[in-house]
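One structure is given here, and the rest of the page talks about it.
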Amino acid sequence: MRKKPLRVLKLIALYAALILFAIFMMGPFLWILSVSLMPGKNVFSSPPAIFPTFIDFDNYVQVWNYMDFPRYLMNTVIIALMGVVMNIFFSCLTAYPLAVFRFKGRDLIFALLVATMIIPAAAGMVVNYLTVKALGLMGGFLAVVLPSAVTVFNVFLMRQAFMGMPHELRDSGKVDGASEFRIWLQLSLPIVKPAIAVIGLLEFMGMWNSFLWPMIVLNDTKQYPIASALSFLNGQFSYNFGWIAAGTVISVIPIIVVFLCTQKYYMEGVSGAVKG
Amino acid sequence: MSFKGKRLISLLLTSMLMVGLLAACGSGSSGNKETASNGNSDGAKAGEQVTVEFWTISLQPTFNDYFDKLIADYEAQNPNVKIDWKDYPYDAVLNKLMTNIAGGDAPDVVNLNTELANQMGTKDALVDFNQELTADQKAAYFPGIYSSTEMNGKGFALPWYTGLPVLFMNKDLVEKAGLDPENPPKTKQELNEWGRQIKEKTGAYGYIFTMEARTLLEENLPFLTEDYKKAAFNTPEVEEYVNENLQLLKDGVIPKDIINYDKQVQYFASEQVAMSLSSSPFINKIKTAAPDVYEKMLAVPSPVGKAGIRYSNTMNIVVPSATSHKKEAVDFAVFVTNAANQLEFSKIANTLPSTVESAKDPFFSENDGTLEGVAKTVSAVSLDKAEDFYIGVESAKDVNQTVTKALQEIYLNGADVKKTLTTAESDVNKILGN
Amino acid sequence: MKKTPFFSRFGKSEASVAWLFMTPGLILLALFVFWPIIYSVPLALTNYSVIGKTEFVGFDNFVKALQDKSFITSLVNSLLYVIVVPFIQIFSILMAILVNSNVKGIKIFRTAYYIPVVTSMVAVALIWGWLLNQNGVINYVLSSVGLMQEKITWLSNKDTALWTLMFITMWKGLGYYMMIYLAGLQSIPKDLVEAAMIDGANRAQTIRKITIPLLKPYVFFCTLISLMAAIRVFDEVFILTMGGPGDATLTSSLYIYQQGFQQFNFGYSSALGLIVSVMIAALSIVIFRFNRKGGVNPY
């Protein structure tokens, strides 16, 4: 009898905490959103406008007409998908033996890989440019994707995931006379599916947000991904605060949608990946 | 064994195929560039087709029409030259230029600011215009601006569009402080007095002070000795000037903050500051960020320090020495920066030209009464005395950074004035090689 | 009959099969990860500037680095930055526990907390720079509740700038780590917690005795990732303070970048990179040793 009001109170407290914290975390994004929806309003009015007082899509219409969004978004999707597919494919291949095989030099390779995660390569951008050029890829999407087509982080993640796979699985596959490749493809990969989902999502976001490297290797601005294209809005002649805000919102929406849609899968994924 | 082997081979093949396929679709667009530059490598003879790669910073798509016409005109006059115009965002252009030069893909004509042009020029990476240009051609530019990219007798760049500082005021705040915007401050001293009064009467900051090293030069306090061999800023005069600013900081006349361009916009747009020294693009930033503040914005001639100079901010055109078509590149650089083309660009971009002839156009003296118009006319009058901020030594950037850091230490971190100047002095002397 | 040959055959050729699997990935890693690092070794012995003439300078760059006050400061700042790591873990675990409840609309809140991760750094810098200035909202709140007498410009004050940057790094990263911990929490069997509650344990006790120990592998993973991110921190510093005021927020990756792309001194910048790498490598060996003794198995 006395429990009910208490539970309601608790629930209210929980929601209050959740909402306060949400404003703290989302504040800057909400501010950008409000700014983009309120053309003609002082962006730097105090206190910052977290919620719009009126809504007008002028900025969106104008920036959409100023820049070729469909093209840039399409470029971004292609680049991001290429990155996701290549990362999944190569890191699954590379990580598999590091996790389940026994061979000489295995630990050394792994240690070397992890070591590179902390080493800052000062002239890395210049050297990678030379490599991409030597491979004859300059100016294409592959030049954008290839340098990060497999990352040590992902190999690390996949290795942990494969390590969590039961040993009997591979043995039973061998008993049935399957090749290592078949065991990998048909028995092992399904088990690490959640980890694959994680890589997919993280790579998608990473590729979506990368802006400097694409500008370095692409010669034609028509090939730019959205993050690179948006930096044109920051020039001294094209500067328009509302447009920058609207462009930013447009570019973030797809990521939020992807995040919402994959949330369940993603969580299963990380747990599978780290458990190992 | 054979079954397993096959599988492994197919695995390898799959991955190879993947790389190959992606490579095929990736390299398609890069192909034409290769052929284009191969087709006209070094020593292009007259009549042979030459492609000149021309880079600008953040001008597309706003000025596409202007450049399309400019290029069409040039190509019509020079049928053997094709101009390949590329425009990159400000954030990427330096990295892009570095990697391209490293890869042997240097562009032929590039748009750079004065600091970068000097930095590259001192490393012998740019064509010397003093060698390429006739005296008449050189005389077309304002001598102060042209000499901002000259060192050891070499001219690294042709000046292009430029901007000069204007004092922007928030009319409401200034009037609230009981000051008359019709009779604006003319010297730094008067600016300080105005600032003090604004602080007292309104609580807002007086004006924005950037704390950069160049502020010393504006007060006629040189960094270096005349022979550029030694630091010269550890003097009682500099100390006095710095202490004066410290007092202004303490009194809240200027904000105690590292000021970059965005901060300047924020302070002015949120009406936290009454006055700001900036050039005309500032108007556009305020206009789009704070239309209500734009309405009460006034432009007046910028007050000058003891040196009486107003530094311009110039965009230049350079020709990297790695170019394989020096003659055509220089010719096109001259064409882009000639009086007629600069005048036209200034008109559409609302910037100032760096050529004497174009500045005579009534466009720069006729005041249409708008904020943009006033800002243009009040700044254009000092074009003939204008020069960009520049320290005439190879390691200018190092020297500048050392002095700026020392000033930040004093103004923001409360470091001892004398001690900090002495340390900075010895650091600069070390940079200069003694 | 069939079983044994297969086993022995695999035993012999396991290494070659392993290499076949790894080759494509390793080739790419060699090209784009190892090659730049290897390349930087000879580069560090030159004055390579990309645009000017390159000359061999021996160990000059290393000698210069050891006398470079700014470089030493940047190393100290980068090490200080690591302090953010435990805070990230604590707050993201707490957040994960908060959003692990099954109330209505929790997915929206999770998304809300994740949004800083995907908001562009430029936008983040703009608003935080504004909130944190002298007349900003933060100062207004702090002084009106009496927590502060003098108004501070958080990012332009040498005593607060680095900590403020760390706060922003944390704020931006919390959502990322929260999601990883949330996954960990969801993998903890519910009956375990319920049983403990029935036995009379309160909420705090179950968190300490059950949740935290079971989260250990996640804590290890997140600590490692956030540690590397902290050591390599660049974006926040580059956009918000550029290392200032003075050298108060200069971090080693920013300094390495400045020497390369702003001073055109790629030789020197490579030497700095190598010095930092050696130091970090030494540090991680110590940490790993320590970790093993402490009984936490990293893999």
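The values are calculated or read from the model by the stated rules, or taken from the named source; none is laboratory data. It should be emphasised that the depicted structure is a prediction, and the values quoted were computed from it without experimental measurement. Because the Cβ atoms are built from the backbone with ideal geometry, glycine has one as well, and the counts that use them run over all protein chains shown.
Could you list all residues from the stretch C:56-102 that are surrounded by 13 or more Cβ atoms within 10 Å (Cβ to Cβ) and closer than 19 Å to B:Ile431 by Cα?
C:Val57, C:Asp60, C:Asn61, C:Phe62, C:Lys64, C:Ala65, C:Asp68, C:Ser70, C:Phe71, C:Ile72, C:Thr73
What helices (runs of 4 or more DSSP H) lie completely within the stretch B:159-253 and have 3 or more residues being over 20 Å from B:Ser279 (Cα atoms), over 26 Å from the mean Cα position of the chain (by Cα) and not basic (Lys, Arg)? I'd like the intermediate steps shown before the answer.
Numbers: elements: B:171-176, B:188-202, B:214-218, B:236-250.
Qualifying helices (runs of 4 or more DSSP H): B:171-176, B:188-202, B:236-250.
Would it be correct to say that C:Met166 is at the interface with another protein chain (Cβ under 7 Å from one of its Cβ atoms), of a type in the set (A, V, I, L, M), assigned to a helix (DSSP H, G or I) and crowded, with 18+ Cβ neighbours inside 10 Å?
Values: at the interface with another protein chain (Cβ under 7 Å from one of its Cβ atoms): no; of a type in the set (A, V, I, L, M): yes; assigned to a helix (DSSP H, G or I): yes; crowded, with 18+ Cβ neighbours inside 10 Å: yes.
Against the criterion (at the interface with another protein chain (Cβ under 7 Å from one of its Cβ atoms), of a type in the set (A, V, I, L, M), assigned to a helix (DSSP H, G or I) and crowded, with 18+ Cβ neighbours inside 10 Å), C:Met166 does not qualify.
Within the stretch C:226-242, can you find the residues that are free of Cβ contacts under 8 Å to residues at least 40 places away in the same chain and either farther than 19 Å from A:Thr116 by Cβ or assigned to a helix (DSSP H, G or I) (or both)?
First, pick out the residues of the stretch C:226-242 that are free of Cβ contacts under 8 Å to residues at least 40 places away in the same chain: C:228, C:232, C:234, C:238, C:242.
Correct list: C:Met228, C:Phe238, C:Met242.
Here is a list: A:Leu169, A:Leu157. Which entry is more than 7 Å from every other protein chain (Cβ to nearest Cβ), in contact with a helix residue (DSSP H, G or I) (Cβ under 6 Å, 6 or more places away or on another chain) and crowded, with 19+ Cβ neighbours inside 10 Å?
Values: A:Leu169 fails: crowded, with 19+ Cβ neighbours inside 10 Å.
Matching residue, one of A:Leu169, A:Leu157: A:Leu157.
Every residue, every condition in (1) more than 13 Å from chain C (Cβ to nearest Cβ); (2) in a loop (DSSP other than H, G, I, E, B); (3) modelled with pLDDT of 90 or more; (4) crowded, with 18+ Cβ neighbours inside 10 Å, yes or no:
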{"site": "B:Asn367", "(1), (2), (3), (4)": "yes, yes, no, no"}
{"site": "B:Thr404", "(1), (2), (3), (4)": "no, no, yes, yes"}
{"site": "B:Gly414", "(1), (2), (3), (4)": "no, yes, no, no"}
{"site": "B:Lys418", "(1), (2), (3), (4)": "yes, no, yes, no"}
{"site": "B:Asp427", "(1), (2), (3), (4)": "no, no, yes, yes"}
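Let's see how each residue does on (1) at pLDDT below 50; (2) assigned to a loop (DSSP other than H, G, I, E, B); (3) more than 23 Å from B:Gln342 (Cα to Cα); (4) within 11 Å of another protein chain (Cβ to nearest Cβ):
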{"position": "B:Gly20", "(1), (2), (3), (4)": "yes, no, yes, yes"}
{"position": "B:Ala24", "(1), (2), (3), (4)": "yes, no, yes, yes"}
{"position": "B:Asn32", "(1), (2), (3), (4)": "yes, no, yes, yes"}
{"position": "B:Val52", "(1), (2), (3), (4)": "no, no, no, no"}
{"position": "B:Trp55", "(1), (2), (3), (4)": "no, no, no, yes"}
{"position": "B:Pro61", "(1), (2), (3), (4)": "no, yes, no, yes"}
{"position": "B:Leu70", "(1), (2), (3), (4)": "no, no, no, no"}
{"position": "B:Ala76", "(1), (2), (3), (4)": "no, no, no, no"}
{"position": "B:Pro79", "(1), (2), (3), (4)": "no, yes, no, no"}
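What helices (runs of 4 or more DSSP H), lying completely within the stretch B:260-332, carry at least 1 residues that are in contact with a Ser or Thr (Cβ under 6 Å, 6 or more places away or on another chain) and within 14 Å of chain A (Cβ to nearest Cβ)? Talk me through it step by step, then tell me what you get.
On the way: elements: B:261-269, B:281-289, B:291-295.
Result: B:261-269.
Give the residues of the stretch A:131-149 that are under 11 Å from A:Leu218 (Cβ atoms), touching a Gly at 6+ places or on another chain (Cβ under 7 Å) and of a type outside the set (A, V, I, L, M), sorted by residue number.
A:Gly140, A:Phe141
Tell me yes or no: at least one residue of the stretch A:80-89 is within 14 Å of chain B (Cβ to nearest Cβ), of a type in the set (Gly, Ala, Ser) and at positive phi.
No: the stretch A:80-89 contains no residue that is within 14 Å of chain B (Cβ to nearest Cβ), of a type in the set (Gly, Ala, Ser) and at positive phi.
Consider the stretch C:244-270. How many of its residues are in contact (Cβ under 8 Å) with a residue 60 or more places away in the chain and more than 8 Å from every other protein chain (Cβ to nearest Cβ)?
Within the stretch C:244-270, the first condition is being in contact (Cβ under 8 Å) with a residue 60 or more places away in the chain, and the residues that meet it are C:244-255, C:264-268, C:270.
Then keep just the ones that are more than 8 Å from every other protein chain (Cβ to nearest Cβ); that gives C:249-251, C:254-255, C:265, C:267-268.
Counting residues in the stretch C:244-270 that are in contact (Cβ under 8 Å) with a residue 60 or more places away in the chain and more than 8 Å from every other protein chain (Cβ to nearest Cβ) gives 8.
Which condition breaks for A:Thr262 when tested against (1) without any contact (Cβ under 8 Å) to a residue 24 or more places away in the chain; (2) under 30 Å from C:Pro189 (Cβ atoms); (3) more than 14 Å from chain B (Cβ to nearest Cβ)?
Result: A:Thr262 passes all but (1).
One line per residue, one yes/no per condition, for (1) among the hydrophobic types (A, V, I, L, M, F, W, C); (2) in contact with a Cys (Cβ under 8 Å, 6 or more places away or on another chain):
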residue: C:Leu162; (1), (2): yes, no
residue: C:Leu174; (1), (2): yes, no
residue: C:Ile180; (1), (2): yes, yes
residue: C:Ala201; (1), (2): yes, no
residue: C:Leu215; (1), (2): yes, no
residue: C:Ser226; (1), (2): no, no
residue: C:Ala229; (1), (2): yes, no
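A:Leu108 fails exactly one of the following numbered conditions: (1) without any contact (Cβ under 8 Å) to a residue 12 or more places away in the chain; (2) under 24 Å from the mean Cα position of the chain (by Cα); (3) more than 9 Å from every other protein chain (Cβ to nearest Cβ). What is the number of that condition?
(2)
Pairs, please: C-beta under 7 Å, at least 6 apart or cross-chain, first residue more than 7 Å from every other protein chain (Cβ to nearest Cβ) and in the stretch A:113-142, second in a loop (DSSP other than H, G, I, E, B)?
Partner pairs satisfying both residue conditions: A:Val132/A:Met138.
For the stretch C:33-47, which residues satisfy the criterion of being more than 14 Å from A:Leu112 (Cα to Cα), at the interface with chain A (Cβ under 8 Å from one of its Cβ atoms) and touching a Ser or Thr at 6+ places or on another chain (Cβ under 7 Å)? Step through it out loud before you land on a result.
Looking only at the stretch C:33-47, we keep the residues that are more than 14 Å from A:Leu112 (Cα to Cα), and these are C:36, C:39-47.
The next check asks that each one be at the interface with chain A (Cβ under 8 Å from one of its Cβ atoms); those that pass are C:36, C:39-40, C:43.
Those that are more than 14 Å from A:Leu112 (Cα to Cα), at the interface with chain A (Cβ under 8 Å from one of its Cβ atoms) and touching a Ser or Thr at 6+ places or on another chain (Cβ under 7 Å): C:Ser40, C:Leu43.
Picking from C:Leu131, C:Leu75, which residue would you name as being under 23 Å from C:Thr160 (Cβ atoms) and within 16 Å of the chain's Cα centre (by Cα)?
Values: C:Leu131 fails: within 16 Å of the chain's Cα centre (by Cα).
Answer to the selection: C:Leu75.
Looking only at residues that are in contact (Cβ under 8 Å) with a residue 60 or more places away in the chain and β-branched (Val, Ile, Thr) in the stretch C:85-123, which one is nearest to the other protein chains (Cβ to nearest Cβ)?
Across the stretch C:85-123, the extreme among qualifying residues is C:Ile115.
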